[in-house]
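The next block holds one structure in the form of structure tokens; read it before the comments.
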Amino acid sequence: MENKLLLPTGFKVPGLWMLLIGPLGVCIATSGGLINVYRVIEPTKAWADGSYPYPSEFWQANTLLAYVSLGITVCGFMFFFFSKEKDEFIYRVRLESLQFASTIQIILTFLACIYFLFAEGVAIESMIPSSVTLSAGGFWILYILRYSYIVFFKSKLNSEKQLSK
């Protein structure tokens, strides 16, 4: 990959922190939401039956937390995976992983569209968002798996073979 298109090396650590914090916010927003955090912060607000009153802005704040957390996660991916490395091997592995993931993403999107077109009981309105979600998630998963496989497993196997010779 060209150095011009990569972020400086200093973005790697903040990207890692964003990858840790972002999914935590998504988990909080999707599992009971902020009301569970509210129960811990304000335990005296409980009603006599043990339930808690929802704040008036609860659902808006919960939705905002989910969107911001997803944005932080995506930025974390970009910061971590698209920052410069000092090794030329990493540049080559990144480029190959991006090409591999992009190719598979196109195939997955096409197959998902075909499936949703011919699947019974699927609304045509949900076809595009579902296909895009599947292919976008598949892109990042494939990119990370291929990158990790080449960097951590394949390079170790090659170095072990060279040492045994």
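Figure the gain on full extension for Q60 and T30 (residue separation times 0.36 nm, minus the Cα-Cα span) and round it to one decimal in nm. Kindly include the intermediate steps, with their values, before the conclusion.
On the way: separation 30, 0.36 × 30 = 10.80 nm, distance 1.30 nm.
Computed gain between Q60 and T30 is 9.5 nm.
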Give a residue-ordered list of calculated ³J(HN,Hα) values for region 62-77 (Karplus: 6.51 cos²θ - 1.76 cosθ + 1.60, θ = phi - 60°; whole Hz; x for Gly, Pro).
5, 5, 4, 4, 4, 5, 5, 5, 5, x, 5, 5, 5, 4, x, 4
Counting Lys and Arg as +1 and Asp and Glu as -1 over every other residue whose Cβ sits under 12 Å from the Cβ of S83, the net charge comes to +3
Tell me, what HN-Hα J-couplings in whole Hz come from the Karplus equation 6.51 cos²θ - 1.76 cosθ + 1.60 at θ = phi - 60° for each residue of region 11-17, using x for Gly and Pro?
7, 5, 5, x, x, 5, 5
Hits in region 64-82: amide N under 20 Å from the 7 Å Cα→Cβ extension of L145, namely 77-78, 81
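Computed from the coordinates by the stated procedures, all read-outs in this text should not be read as laboratory data. All values reported here derive from a predicted model rather than from experimental measurement. Cβ atoms come from the backbone with ideal geometry, glycine included; neighbour counts cover every protein chain shown.
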